[in-house]
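> Quick one: structure below, then a few questions.
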Amino acid sequence: MKILLSYLGNLKEYIIFSALIVISLLLIFQNDNVQIRFVRVIAVNVIGTIQDGFSIIPNIFELERENKSLRETNIDLSKELSMLKEAKLENLRLNQMLEFKQRTNYRVATGKIIGKTLIQTRNNITINIGENDSVKIGMPVITDRGLVGKIVATSGNYSIAQILLNKDLKVSAKDQRSRVDGIIAWDGEGKIRMKNVSKSADVKVGDILMTSEYSNSFPAGIPIGYVTTDNTLDNLFKNIEVECFVNFETVEEVFVLKFLSEDERRELEKKFNEKSK
Amino acid sequence: MEYLKYAGILLGLIIIQKTAVSFIDVTEFKITPDLVIIGLVYIGVKRGKITGSIAGFASGLILDIFSFSFIGLMALAKTIAGFTSGFFNNEQKTERYLNSYIFVLLVSICSIINNTIYYTFYFQGTNLLFLDILIRYVLPTTVYTALFSVIPVIFARRRRFAR
């Protein structure tokens, strides 16, 4: 301690001198005149040059922190990008559906598919609209591309629809070009076929098939798919394979057509069928 | 008591500097002698670095306040000049320094330091080059001040001879 005090005592004059210099400089920099502004500019340049020189020395801790921050930003941006892509695709789909909704003559209810089975022999979809949206059993389910299926069960806010990939759903169909009739049904093994078409009927690969006016479940003219294979099954009927317009793997939103076949027609057909039995 | 004498000397010189000296300016750049630095060198040589620098700071600050501009600049220049003069404080040689023409040399050294600092700062932001500042202001002021520092030397020598 003594040594330190003695050392400081020897430096006393320099300490006082330095203090006076510092006070003088502080007083000088309190001024706001041209000279001081110029000196400030020079000081900023000098400090900037020095900092610039030091910046080439990598700071490992700073780099690590920067790296972490960049990674976090990257994750955030990736999430945002993903959300934007999703929003863009949703926007496209909804735009197409809106166009269809404006085009169609029927009243429709728009629903989102919230459940789907595609690997069974009786496949269904669950939709987030139900009786509260005036959805009833038997109403057709479609998209802007074509027929999806029909409602088979409803609750207040949900409904279940059989889709074309369901063995129990059979749709009366017509060839758009040649007006040949048939029944569209899924074979349960991966193919949708048009049945009951005689060997001599005019059906060609590429023909578009749509619902016919003979159907008591669907209004006429809803596109179903197009013919991919046309060959003879046996002496009487053709084997027609159909590719659906609707891609059941990717479909997300659907319309429920507020259409039910007329009661009088249904009653008549029911009576007639009973009599025939 | 001695310090009061130094303070009185400096105050007297400051008053003369701010009142009468402007009447004896020379050259187109209105160069005047710096009487305060003469007194400051006297005090510095007599009392050392600490007294020199404090006297320099105080006298410089008073001059700054009187000039109403650039507060602190003269204080800075005079502090450094006073501290420099303190380097020549030496018990055996002090009287010799003060009573001979060595004093003129010491005044010149301290004056050139004082003027260089002062004018270099003062002319920042103008188009004047350092060489121009040196030739137009620093050196003439130093020479003019050195000439005036001859006067106390003459008085001191006469007094010595009179004894």
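> Write down the accessible area per residue of the protein assembly as shown in Å², having rolled a 1.4 Å probe over the full set of protein chains. It would help to have the intermediate numbers written out before the result.
Values: 26390 Å² over 440 residues.
For the protein assembly as shown, the per-residue accessible area is 60 Å².
> Please identify, among A:N132, A:N33, A:N196, the residue showing maximal mean-square fluctuation in a Gaussian network model of chain A using a 10 angstrom Cα cutoff.
Result for chain A, Cα springs under 10 Å: A:N33 fluctuates most.
> Multiply the residue gap between A:F61 and A:T250 by 0.36 nm, knock off their C-alpha separation, and tell me the result in nm, one decimal place.
Between A:F61 and A:T250, full extension yields an extra 63.3 nm.
> Could you give the length gained on full extension between A:E189 and A:N10, defined as 0.36 nm per residue of separation minus the Cα-Cα distance, in nm? List each step's numbers first, then the result.
Values: separation 179, 0.36 × 179 = 64.44 nm, distance 10.34 nm.
So the extension gain works out to 54.1 nm.
> Calculate what fraction, in whole %, of the accessible area of the stretch B:1-71 sits on carbon and sulfur atoms when a 1.4 Å probe is rolled over the protein chains.
After summing per-atom areas, the C and S share lands at 72 percent.
> Separate question: What are the aspartates and glutamates whose alpha-carbon lies under 18 Å from the alpha-carbon of B:K18, with same-chain residues fewer than 8 places away excluded?
Within the straight-line cut-off, B:K18 pairs with B:D34, B:D64.
> Related question: In a GNM of chain A with a 10 Å cut-off on Cα contacts, which of A:G130, A:G48, A:G225 has the highest mean-square fluctuation?
A:G48
> Ok, one more. Here is the link list: A:K150/A:K258; A:K112/A:K150; A:K112/A:K258; B:K5/B:K49; A:K199/A:K271. Which ones come out longer than 20 Å on Cα distance?
Details: A:K150/A:K258 11 Å; A:K112/A:K150 15 Å; A:K112/A:K258 16 Å; B:K5/B:K49 18 Å; A:K199/A:K271 32 Å.
Long pairs (Cα-Cα over 20 Å): A:K199/A:K271.
> Please identify the trypsin sites (Lys or Arg not before Pro) of the stretch B:14-75 that satisfy two criteria: DSSP loop assignment and at most 13 other Cβ atoms within 10 Å. Which are they? Don't skip to the end; give the middle numbers.
Numbers: sites: B:K18, B:K30, B:K46, B:R47, B:K49; in loops: B:K30.
Sparse-neighbourhood loop trypsin sites (Lys or Arg not before Pro): B:K30.
> Let me ask something else. Tilt of helix A:34-54 relative to the longest C-alpha principal axis of chain A, in degrees (0 to 90, nearest 10)?
60 degrees
> How much of the accessible area of chain A, probe 1.4 Å, is carbon plus sulfur, in whole percent?
Values: 10120 of 18050 Å².
With neighbouring chains kept in place, the figure for chain A is 56 percent.
> Dimensions of chain A along principal axes (Cα, Å, largest first)?
Here the Cα extents, ordered largest to smallest, are 129, 46, 42 Å.
> Towards the positive end of the charge dipole of the protein assembly as shown, with charges on Cβ (+1 Lys, Arg; -1 Asp, Glu), say which of A:A153, A:Y7, A:I56 has the farthest Cα.
A:Y7
> Once the dipole of the protein assembly as shown is set up with Lys and Arg at +1 and Asp and Glu at -1 on Cβ about the Cα centre, which of A:F100, B:L131, A:I183 lies farthest towards its positive end?
Going by the charge dipole, the pick is B:L131.
> Would you work out the relative contact order for the stretch A:41-164, in percent, from Cα pairs under 8 angstrom that are 6 or more residues apart?
Dividing the mean separation by the residue count of the stretch A:41-164 yields 16 percent.
> If you wrap a convex hull around the alpha carbons of the stretch A:175-275, what volume per residue comes out, as a whole number of Å³?
Here the figure is 136 Å³ per residue.
> If ligands, DNA and RNA are left out, what is the accessible area of A:K79 with a 1.4 Å probe, given in Å² to the nearest 10?
Surface open to solvent at A:K79 totals about 120 Å².
> Still on this structure: Checking buried surface per residue: for the stretch B:107-149, which residues lose a minimum of 40 Å² accessible area in the protein assembly relative to the chain alone (1.4 Å probe)?
Those are B:F121, B:Q124, B:G125, which lose 40 Å² or more relative to the chain on its own.
The values are calculated or read from the model by the stated rules, or taken from the named source; none is laboratory data. Note that the structure is a prediction, hence the values are computed from the model and not measured. FYI the Cβ positions are ideal-geometry reconstructions off the backbone, even for glycines, and counts take in every protein chain you see. Quick note on the areas: whole protein, heavy atoms, side chains included, nothing else; ligands and nucleic acids left out. Shrake-Rupley method; radii C 1.70, N 1.55, O 1.52, S 1.80 Å.
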